[in-house]
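See below for the structure under consideration.
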Amino acid sequence: MKQRIFASIALALLVAGCGGGGSSSSGTTTGATTAPAISSQPTAIVSADSGAKAALSGVAVTEGGYDMGSSSSSFQGLAFGTTSGLSKETSAVKGTTINLWMQRLANDAAPLNAVINWRNGTAKTVAATTDMSASLCTTGTATITSSESGASIDYSNCRFGSIQLNGTISVSGTSNTSNTVSANYSIGSASSPFTTTFYADTTSSVKESEDRSILTMTGFTANTTTGAISATLNGTYTEEDYVLKTKYETIISNFKTSYEFINGIYSVDITGGSFVDKEYTLVNGVYNQERSVGVTFQNFGVDRYFSTGTYSVNGTFAIQSTPSTCIDGTFAIKTITPIKDDRTAGVMTVNDNTTITFSSTGVTVAVTGQPTKTYSSFSELSGVCTQFGL
């Protein structure tokens, strides 16, 4: 939320006390627990102020949706039969974006490349149990079980440096053609989340933070020629910081996304799905929920043009925050002129009656039938909302 741009992707209401970091109880649960529905009638924008707030919501959701929508690309190395820079975790990364979190999980799954490869038309035939402990863990174990149709890796107190892994990552699937892979991924389970624990240092037994993940990627397809990937994501994620005494949770539901990179254009499309993100603070041993935000997408797409440093966004989303920190409702965004990454050029509309124009001298918000308002910079525009972020 504040200063967190979709910092987590999938999350359970897992509020159990964890050894080494002190115990806690679930505390209050105010705020939405389900994402908002897309209304058939867009939210009314009746003033330049509400137009500015709608613009800010749109920018935040655009950035977050793009980040979340492309996150499954972290797993393309397995589908394409290459390690492609993937390796086990080497350092704790806290307060990350969804993409960095997914990259960590992909790194933990990367050892499966040793036993399964779909790139050559069929799954490599390797039916065996492989002990990877010596290469992956300083202490604890990491064991791969594989077959013709898939494989899984099970970490049990696998400690390396200041990081320890517990849980199972499984993948199953087939190669439909010589260049198309279909697969399903399963990371953790409701009864046993995949857990990454970060300790104070390489020899410490004191937990600084812990991530608990339950994630499935179904209908995962990858074209090894074009690099296009699609998947449906469901799951839960909890990030608990024992030093700051905070916790972040996210639930992601039926998030249908696809992306491709062609001719310098990186396109992310979100057909549908939603998430709810929550933030808690530990007070007297109890986690109290301070705020929540839910977002639902409908035919939402972001195209980034790397040659020009611009992007376009088109589609509909609904947003609901508790307490409300900006503007809630259903909004339809259209890009008239591609927007510069630094927001110094471009034109977008929200709900047809509001036009936002970005320029090097500021941001202009024009609502049909209302006086136009100009902000000297995007930073000034951001001031119309308090503590707003996703």
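Before moving on, here are some points about what is shown:
- Span per principal axis, largest first, for the Cα atoms of region 342-389 (Å): 27, 24, 17
- Spin-label pair Thr372/Leu244, simplified geometry with 7 Å Cα→Cβ offset, distance in nm: 4.1 nm
- The stretch between Phe306 and Val283, if pulled fully straight at 0.36 nm per residue, gains 3.7 nm over its current Cα-Cα span.
- Considering only alpha-carbon pairs that sit under 8 angstrom and 6 or more positions apart, the relative contact order computed for region 342-389 is 24 percent.
- Measuring with a 1.4 angstrom probe and ignoring ligands and nucleic acids, Glu210 comes out at about 10 Å² accessible.
- Label-point gap, in nm, between Phe261 and Ala190 - each point 7 angstrom along Cα→Cβ: 3.7 nm
- A 1.4 Å probe, protein heavy atoms only, puts the accessible area of Cys158 near 0 Å².
The values are calculated or read from the model by the stated rules, or taken from the named source; none is laboratory data. A quick note: this is a predicted structure, and the numbers were derived from the prediction, not measured. Here Cβ is always computed from backbone atoms with ideal geometry, including for glycine, and neighbour counts include all displayed protein chains. Note: areas computed on protein heavy atoms with side chains; ligands, DNA, RNA excluded. Shrake-Rupley method; radii C 1.70, N 1.55, O 1.52, S 1.80 Å.
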